[in-house]
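Read through the structure below, which is laid out as structure tokens, and then see the notes.
The values are calculated or read from the model by the stated rules, or taken from the named source; none is laboratory data. Please read all numbers here as calculations on a predicted model, not as lab measurements. Neighbour counts run over all protein chains shown; Cβ positions are idealised from the backbone, glycine included.
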Amino acid sequence: MSVRVRIAPSPTGNLHIGTARTALFNYLFARNQGGKFILRIEDTDQERSRPEYTRNILQGLTWLGLDFDEGPYYQSKRLNRYQEVIEQLLHEGKAYYAFSTPEELDELRTRQKALGQATRYDNRDRDLTLQQQAAYRAEGRQPVIRFKIEEPRAVRWVDMVQGETTWQTQDLGGDMVIARADGQPLYNFAVVVDDLDMTITHVIRGDDHVGNTPKQILLYEALGAPIPQFAHLPLIHNAQGKKLSKRDGATSLADYQTLGFIPEGLVNYLAMLSWSPPGQELFSLAEAAKLFSFDRVSKSPARFDWDKLNWLNGQHLRMLSSVDLTQRLSKVWTQVGYALPEDPVLLERIAQLVGDGPNRLDEVPRVSRPLFEPVAFSIEGLQVLLKPEAPQVLPALVEFFSQEPFTETEALKQGLQNLAKSLGLKNGPIMQTLRVVLTGTTKGLELAPLALLLQQKGELLPRLKSALALVAQMRG
Ligand code: GLU
């Protein structure tokens, strides 16, 4: 049977980075096996589900490049189908109406706790007669539907990540609620009906769902349905070894987008959270899909490593084609209000120079500022302009750049060295003065190509001249 997997997010928040990683593993397995990747939106919780979260989830998956073959299916559109299965289970005596009020259930739990017992439902309404049911209804009680869990019994499966796994049905908390009084189906039930109807062959999800799996297996059995294989992925931990949480700063995919990660870099990093690819660390989504297998997925939690993510992202930025890089940087520049030069060749050269340094797109505005904004001098920059050689160097630089314009970096570097020699100075003071004049500060982009680009933009001589005027003013 061909592989069919799904990602089934609940639209009760923005796409979480953990869900993105689970989606990625589903996608990699589907593509590796020539199977299908399905998207299902689990929106039965009407109070907490929001259409804007669904949009955010769809956008996030698309941005990562995880194109799905089917869906999105919406649980909210399948309510009749759940009702049909509930009726079937009731009819077969595998489920029943249970009438306890929340207060009665609370009381039960309190009693169990006082006795030092594990809290669970005591299956008290399993064998109510029709008359007893009618009497409860007459009292105005609204029943939930509970599914009978046979006890004692062991439920076993061979997890593709965790290996042989066994749960005792006595530990499942008693007969489980599958639908609320208002008819709303609950997760464990709806997920089984969906996975069954969508002929899901492998359920790949976070290991926070391991405890749900025995309940789901019992439901498959009750429905006489084939049981899919399960793969429970270890959670993502922060650097301190704790579950990644809001306190760690970035938990939703949107946060990573804001931080300037590109999908190529993020996908590469997420794929390596608990999967060790054979032989290489740097790969595209398509390459990962070729290499992926569950044999190399570990069951211990993955530690989130920011340095590694930043590094990988930088590698992917530098692997982009020049045209692609130019497009992505142009988007960033436009967003921060920088005016792009009209000449496409100049724009591409600027992108190449800027793209060489940063690991993330959020660094791009700062790094490229000298190319788009007027110079603002830092303290270190002003200190350079106050050095004794400045009044000699600046007019010499004006003179130097007023001649035939340079077009090659190497020729410019050589020219500047010759200039230093002719002034009886070392290269350092010349280069540093030029850098401060062009950028306002003492560190930044590679100087010679930057000077050429500013010259092309017609901004080199004006900057030199205004620095000259400033120095004259400062020296009184
Ligand atoms: N809606 C569930 C979640 O977001 C899906 C879990 C599953 O894959 O079964 O965690």
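Tabulated data
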item: Check on PRO374, in a loop (DSSP other than H, G, I, E, B) and at negative phi; result: yes
item: Selection within segment 255-280 - part of a loop (DSSP other than H, G, I, E, B) and out of contact with any strand residue (DSSP E or B) (no Cβ under 6 Å at 6 or more places or on another chain); result: LEU259, GLY260, PHE261, ILE262, MET272, SER276, PRO277, PRO278, GLY279, GLN280
item: Strands (runs of 3 or more DSSP E) within segment 38-154 that include 3 or more residues touching a helix residue (DSSP H, G or I) at 6+ places or on another chain (Cβ under 8 Å); result: 95-98
item: Among residues of segment 1-37, those that are of a type outside the set (Val, Ile, Thr) and in a loop (DSSP other than H, G, I, E, B), counted; result: 11
item: Qualifying residue in segment 80-92 (condition: within 27 Å of GLY140 (Cβ to Cβ), over 39 Å from the mean Cα position of the chain (by Cα) and not hydrophobic (A, V, I, L, M, F, W, C)); result: yes
item: Scan of segment 408-441 for residues that are in contact with an Asp or Glu (Cβ under 7 Å, 6 or more places away or on another chain) and under 18 Å from PRO374 (Cβ atoms), ordered by number; result: THR441
item: Check on LEU329, assigned to a helix (DSSP H, G or I), in contact (Cβ under 8 Å) with a residue 24 or more places away in the chain and under 26 Å from the mean Cα position of the chain (by Cα); result: yes
item: Residue selected from segment 182-200 under the condition among the hydrophobic types (A, V, I, L, M, F, W, C) and within 18 Å of ARG48 (Cα to Cα), by the criterion farthest from the ligand (Cβ to nearest atom); result: LEU186
item: Pairs, first at pLDDT below 95 and within 14 Å of the ligand (Cβ to nearest atom) in segment 41-64, second in a helix (DSSP H, G or I) and among the aliphatic types (A, V, I, L, M), C-beta under 9 Å, six or more apart; result: THR44/LEU79; THR44/ALA190
